[in-house]
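J.: Sharing a structure below in structure tokens format, with a few things to ask.
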Amino acid sequence: MRLIEPFALFIAVGFILTAGCVATTNKNTLNSSFITKDSSFNATPNITSQLNGSLVVSTKGFSYPTNLSVFLDNKTVGMVNPTTPISLMVSEGNHTIRVCADFVCEQENVTIRFGKYVAVDFSERLHRDVVIMQPTARVVECYKNGNALAVDIEFINPSRKDLQMSVVVNCGYSYIDARSGIKKGDFTSGTLMQNVKAGQRVTGLLYLNLVDGNSLSYSYPVIEELKIK
């Protein structure tokens, strides 16, 4: 009987240890499963920003009244000329803006941010690089002459035939009325026509009438329209 008691005790201890191992294994399995689910729940989704910023493209200092094509990331988005800039709403990020005159394109890289205003003017680069390939006209100089604004206009005809060219020129100005002493604003306009031989340039003089007043100030005259016959 004494020999049997230790053996029974050994068997009982074995069962207890085995039960403990099983319990530990099940606990680790549950914890591993919970961590996996929790990680999946906290994963950050990949969201693309849909915010836009403002981009204005201009050629306001380019004296040739020509419509130029505007490209944003190699896609046509409109036309621009010295009197009419183009305003765009562009998605956030880095973009490439181009303005093209015939086969000459000027390019600039811009970074757009939400709520930020970005303006790009291509006038200086166009003056430097663009070779005139189409009949056009430009304001060369302007100065006050009595009660008028004298405007020198150059007509350019690079074609192989003689042309009749005419322009409509506008100019805004302000002055102080001599009687009332009140500052006023006004607008003046005029038309000039020239016959220009093939491959030639001709400069004509246009007078824009002004209201007589004191402290006269005026903006630079702009060619609003060019007609060719």
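What follows draws every value from the coordinates through simple rules; no lab data is involved. Just so we're clear, the structure is a prediction, and the values are computed from it rather than from any experiment. For neighbour counting, all protein chains shown are included, and Cβ atoms are generated from backbone atoms with ideal geometry for every residue, glycine included.
J.: What ranking do 154-162, 103-111 get when scored by the average of other Cβ atoms within 10 Å per residue, highest first?
T.: Descending packing order for the listed peptides: 154-162, 103-111.
J.: May I ask you to list the aspartates and glutamates whose Cα is less than 12 Å away from that of residue 75, ignoring any residue fewer than eight positions away on the same chain?
T.: none
J.: May I ask for the Kirkwood hydrodynamic radius of the range 73-142, worked out over all distinct Cα pairs and given in angstroms to one decimal? Mind dumping the intermediate values first?
T.: On the way: mean 1/r = 0.0710 Å⁻¹.
Evaluated on the range 73-142, it is 14.1 Å.
J.: When only alpha-carbon atoms are used, what values of Rg and Dmax, in angstrom, describe the range 47-177?
T.: 18.4, 65
J.: Across the range 136-228, what fraction of all alpha-carbon pairs, as a whole percent, falls in each successive 5 Å bin from zero upward?
T.: Here the calculated profile for the range 136-228 is 3, 14, 24, 19, 14, 10, 7, 5, 3, 1, 1, 0.
J.: Ok, one more. Could you name the lysines in cross-link range of residue 161, using Cα to Cα under 16 Å and dropping any fewer than eight places away on the same chain?
T.: Straight-distance partners of residue 161: 197, 227, 229.
J.: Taking amide H positions as placed 1.01 Å from N in the peptide plane, with prolines and chain starts having none, which residues 5 or more places from residue 145, or on another chain, fall under 5 Å of its amide H?
T.: So residue 145 has HN proximity to 150.
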